[in-house]
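The values are calculated or read from the model by the stated rules, or taken from the named source; none is laboratory data. As the structure is a computational prediction, the values presented were derived from the model and not from experiment. Note that each Cβ is placed from the backbone with ideal geometry, even for glycine, and that neighbours are counted across all protein chains shown.
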Amino acid sequence: MIELKEVNKSFGSQHVLHDISIVFETGKVNFIIGRSGSGKSVMTKCIVGLLEVDTGEVLYAGRNFSAMSNRDRKEIRQEIGMLFQGSALFDSLTVEENVKFPLTLFSKMTAKEMTDRVNFCLERVQLEGSNKKFPSEISGGMQKRVGIARAIAMNPKYLFCDEPNSGLDPQTSIVIDTLIKEITYEFNMTTVVVSHDMNSVVEAGDRINFVNEGSIWWKGDKQEILRSSNQELNDFVYASEFMRVVKDNIK
Amino acid sequence: MQLFTHIGRYFLLMSNVFRRPEKWKLFFKATVQEIDKIGVQSLGIVALLSLFMGAVICIQTAANIDSGWIPLYTIGFTVRQTMILEFAPTIIPVIMAGKVGSNISSEIGTMRISEQIDALDIMGVNSANYLILPKIVGAIFIFPFLIIMAMFLGVTAGALIGVLADLLPLADFETGIQYDFRPYQVVYSLFKTIVFAFIIVSISAYHGYFTRGGALEVGKSSTQAVVYSIVLIMVANLLITQLILT
């Protein structure tokens, strides 16, 4: 479980996060949704430690991550897997080397065990046989899947996905959403997905947190989000014609 | 004010760079790769420039000696001194700042904007140490070899052009390159080279590491890396020469 307690973050005079208190549950896909510039990426960066919070606490299973030194954070970081918006694969390494990278640095596995683990992760994301390809030689959807394979290589307790569907076609998006959902349940991870794609939310979201102007404006599950009367949330959820049709059908 | 911000940030970055590597095996592997990228792949350009510069210095010196009172071996002496004291240890690093510095800055800058550095940080890797230390160690190791090669090739080219263009007999050139030779000057040059290698890599890595934005900013970082590296090489050259040779 990850818990944020009254987290605040400012950049100069710009107050980006206001007293954020939120719990991301274990074994669930927790979504953070909101408009561009609402503060959801800053919140995620604060949670994973890429940005320091000004005040408040970020707790990983009760451990106060935000108060730890970089050295102490290392242990928790090795329990975190992250899928980046642009995949963030290392260009100079092959698919296999990318997935093996965290294992090489932090595990005590033998070469054979590492290869087996890499093959397991690649099979899990349906990328068996792509070991020797470079990131530039595979499609965007495949890059995302390699990103997921790398993120789960160390068997993490926490998985963060930043805009996992950006730049992907709808079918590939569903593949990625399904994969995120499956591995969350399979490995009982605490998964946090940052997105503004409502299809993803409906497809994979267990718990949804709507961020607006740096605050949590709404929390609930995907059944509740479609029936909410929160005006800001409805403006966001039903911004597209497609979602308005869905809303009419629900009615 | 911004200058102090840069200086502070630079030293903070260096304090993260000079830490114990996560895995020595990976560090040595990365260092060998950097030696290849920085040094071996620069052999051609260094050799070419040294040959032509040595030959040109020889011709220039010969052309400017119009007094019969000045011995011909002065040509060999001038070629040797120029190559050892300034051309090889200073001008070659300036050229390397353009070639290697821009490459390092754009490589690290691209990793920054494509979130690869964030990925390293989230995994718990000290990204500054992992990415920059092998480059610094590799450059400090290989630069002296490049510079020794540049000195040798420059002097050889001077001798060749001197003889082939009938500017002076080989024996006079040999006398010139042996005249008042002080091995300490080679040591001074190699010391300078090591300092310049550190400046080029650390400054370029700094600009790459703190790149923000997109492709345009990577280009800007790359240009800044080259400009600041060259400026600092010139300042360091003056300081080292004043401190060591006078």
**OP:** For residue B:233, state whether it is modelled with pLDDT of 95 or more and more than 15 Å from residue B:104 (Cα to Cα).
**Re:** yes
Original post:
Do we have any residue at all in the range B:119-128 that's facing chain A (nearest Cβ under 9 Å), part of a helix (DSSP H, G or I), closer than 30 Å to residue A:47 by Cα and among the polar types (S, T, N, Q)?
Top reply: no
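Give the number of residues within the range A:230-251 that are among the small types (Gly, Ala, Ser) and under 19 Å from residue A:206 (Cα atoms).
Here is the first cut: in the range A:230-251, the ones among the small types (Gly, Ala, Ser) are A:239-240.
Now restrict to residues that are under 19 Å from residue A:206 (Cα atoms): none.
Residues meeting the conditions: 0.
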**OP:** Determine the pairs where a residue that is among the acidic types (Asp, Glu), located within the range A:106-134, has a partner that is surrounded by 12 or more Cβ atoms within 10 Å (Cβ to Cβ) and modelled with pLDDT of 90 or more with Cβ atoms under 6 Å apart, the partner being 6 or more residues away or on another chain.
**Re:** A:128/A:122
Original post:
Which residue, of B:18, B:27, B:77, is among the aromatic types (Phe, Trp, Tyr), in contact with a helix residue (DSSP H, G or I) (Cβ under 8 Å, 6 or more places away or on another chain) and under 21 Å from residue B:190 (Cβ atoms)?
Top reply: B:77
Subject >> Unmet criterion (only one of (1) aliphatic (A, V, I, L, M); (2) crowded, with 21+ Cβ neighbours inside 10 Å; (3) outside any loop (DSSP other than H, G, I, E, B); (4) not assigned by TED's automatic domain parsing to the domain that holds residue A:167) for residue A:58 >> reply: (4)
Original post:
residue B:180 versus (1) surrounded by 13 or more Cβ atoms within 10 Å (Cβ to Cβ); (2) in a loop (DSSP other than H, G, I, E, B): which is the lone unmet condition?
Top reply: (1)
Subject >> Members of the range B:74-107 found to be under 19 Å from residue B:140 (Cα atoms) and of a type in the set (Val, Ile, Thr), listed by number >> reply: B:84, B:90, B:91, B:92, B:94, B:95, B:100, B:104
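Does the range B:186-238 hold any residues that are outside any helix (DSSP H, G or I) and either in contact with a strand residue (DSSP E or B) (Cβ under 7 Å, 6 or more places away or on another chain) or of a type outside the set (Lys, Arg) (or both), and which are they? Step through it out loud before you land on a result.
First pass over the range B:186-238, keeping only residues outside any helix (DSSP H, G or I): B:210-214.
Passing the criteria: B:210, B:211, B:213, B:214.
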Subject >> Residue match in the range B:108-118 (condition: within 14 Å of another protein chain (Cβ to nearest Cβ), assigned to a helix (DSSP H, G or I) and free of Cβ contacts under 8 Å to residues at least 12 places away in the same chain) >> reply: yes
**OP:** Output the number of the condition that residue A:58 fails; it satisfies all remaining conditions of (1) over 14 Å from the mean Cα position of the chain (by Cα); (2) under 23 Å from residue B:16 (Cβ atoms); (3) within 13 Å of another protein chain (Cβ to nearest Cβ).
**Re:** (3)
**OP:** State whether one or more residues within the range A:211-226 are within 24 Å of residue A:241 (Cβ to Cβ), in contact with a Pro (Cβ under 8 Å, 6 or more places away or on another chain) and outside any loop (DSSP other than H, G, I, E, B).
**Re:** no
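For the condition touching a helix residue (DSSP H, G or I) at 6+ places or on another chain (Cβ under 9 Å), assigned by TED's automatic domain parsing to the domain that holds residue A:203, over 22 Å from residue A:94 (Cα atoms) and modelled with pLDDT under 90, what is the one hit in A:170, A:164? Steps first, please.
Details: A:164 fails: over 22 Å from residue A:94 (Cα atoms).
Step by step, each of A:170, A:164 is checked, and only A:170 is touching a helix residue (DSSP H, G or I) at 6+ places or on another chain (Cβ under 9 Å), assigned by TED's automatic domain parsing to the domain that holds residue A:203, over 22 Å from residue A:94 (Cα atoms) and modelled with pLDDT under 90.
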Original post:
Any chance the range A:18-34 includes a residue that's modelled with pLDDT of 90 or more, more than 30 Å from residue A:119 (Cβ to Cβ) and within 13 Å of chain B (Cβ to nearest Cβ)?
Top reply: no
Original post:
For the range B:10-106, which helices (runs of 4 or more DSSP H) that fit wholly inside it have 2 or more residues that are surrounded by fewer than 18 Cβ atoms within 10 Å (Cβ to Cβ) and of a type outside the set (Val, Ile, Thr)?
Top reply: B:24-34, B:43-64
Original post:
Residues of the range A:61-90 being without any contact (Cβ under 8 Å) to a residue 60 or more places away in the chain, under 21 Å from residue A:22 (Cβ atoms) and within 7 Å of chain B (Cβ to nearest Cβ), which ones?
Top reply: A:77
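For the range A:67-78, which residues satisfy the criterion of being out of contact with any strand residue (DSSP E or B) (no Cβ under 6 Å at 6 or more places or on another chain) and surrounded by 14 or more Cβ atoms within 10 Å (Cβ to Cβ)? Even if it seems obvious, please write down each step before you answer.
To start, the set of residues in the range A:67-78 that are out of contact with any strand residue (DSSP E or B) (no Cβ under 6 Å at 6 or more places or on another chain) comprises A:67-75, A:77-78.
The answer is A:68, A:73, A:74, A:77, A:78.
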Subject >> Per-region count, the range A:62-84, residues touching a helix residue (DSSP H, G or I) at 6+ places or on another chain (Cβ under 9 Å), outside any helix (DSSP H, G or I) and not β-branched (Val, Ile, Thr) >> reply: 7
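On the basis of being modelled with pLDDT under 95, under 21 Å from the mean Cα position of the chain (by Cα) and within 30 Å of residue A:97 (Cβ to Cβ), does residue B:125 make the cut? Write out each step before concluding.
Details: modelled with pLDDT under 95: yes; under 21 Å from the mean Cα position of the chain (by Cα): no; within 30 Å of residue A:97 (Cβ to Cβ): yes.
Against the criterion (modelled with pLDDT under 95, under 21 Å from the mean Cα position of the chain (by Cα) and within 30 Å of residue A:97 (Cβ to Cβ)), residue B:125 does not qualify.
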**OP:** Mind telling me which of the residues B:148, B:132 ends up being crowded, with 19+ Cβ neighbours inside 10 Å and more than 14 Å from chain A (Cβ to nearest Cβ)?
**Re:** B:132
